[in-house]
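This report refers to the structure that appears directly beneath it.
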């Protein structure tokens, strides 16, 4: 039988995993949106810089709170969540062909 004292750490790790997934979604979806809008901007380098700073600040802030409430174990649980969302978004959204010069094989 599982003791109730072991459920709190497991629940904390699952919450950390979910929080890491949310952080990963915000970070990588924000990157995808930034790349899609680059060609519309007069100064794309500045947009990339501010996007990077904002996304990194948000993820680091989130990781700080995860570590604050769940310790280093929570941070280790959050990292697979972030990575998993990256893999899912990469597969679902694909590259941004008009920005990166990637041929999709489809006629324009």
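The values are calculated or read from the model by the stated rules, or taken from the named source; none is laboratory data. As the structure is a computational prediction, the values presented were derived from the model and not from experiment. A quick note on method: Cβ atoms are made from the backbone with ideal geometry, for glycine too, and the neighbour counts reach across all protein chains shown.
Within the stretch 33-48, can you find the residues that are closer than 25 Å to residue 84 by Cα and either without any contact (Cβ under 8 Å) to a residue 60 or more places away in the chain or surrounded by 16 or more Cβ atoms within 10 Å (Cβ to Cβ) (or both)?
Keep residues of the stretch 33-48 that are closer than 25 Å to residue 84 by Cα, which gives 33-37, 48.
Of everything in the stretch 33-48, those that are closer than 25 Å to residue 84 by Cα and either without any contact (Cβ under 8 Å) to a residue 60 or more places away in the chain or surrounded by 16 or more Cβ atoms within 10 Å (Cβ to Cβ) (or both) turn out to be 33, 34, 35, 37, 48.
Which condition from (1) out of contact with any helix residue (DSSP H, G or I) (no Cβ under 8 Å at 6 or more places or on another chain); (2) within 25 Å of residue 95 (Cα to Cα); (3) at pLDDT below 95 is the one that residue 11 breaks?
(2)
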